[in-house]
Amino acid sequence: MELIGVGAMHGAALAGDTEPYEVRLRLALRAETRAMAERVAQEVEALYLSGPAAGGGVTQSVREVVAAASALIPRAAVSPRLTLLEA
């Protein structure tokens with residue numbers, strides 16, 4: 001979840017306990033299935049439609065994301081080599 005615009009215009013003057021007067025919410029999530037992701041997106045859109053008047057618009061998209069994870073591999077399990085290809 002990201003609050004876009006908090007502190008963007010007035011900086012620290014509106015920091016702390018002061019409630020900002022204009023904020024845009026960005027929500028991103030991961031789900032185990034596409035169906036679950038679409039369901040959550042529809043729920044968030046329903047909250048937008050039931051919320052205060054004069055909202056700034058809403059978009060939703062569900063897309064597959066390929067992620068990378070760091071892992072430690074024992075040095076003995078790796079055999080480095082170099083292959084040079086000439087054009």
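Here are the numbers for the structure shown:
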read-out	value
Exposure proxy order (Cβ contacts within 10 Å, fewest to most) of 36, 1	1, 36
Residue 2/residue 84 FRET efficiency (R0 41 Å; Cβ-Cβ; nearest 0.05)	0.35
Estimated distance in nm for a label pair at residue 28 and residue 48, the labels positioned 7 Å out from Cα along Cα-to-Cβ	1.7
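Rule-based calculations on the coordinates, nothing more; no lab input. This is a predicted model, so every value here is computed, not measured. Please note: Cβ atoms are built from the backbone with ideal geometry, for glycine as well, and neighbour counts cover all protein chains shown.
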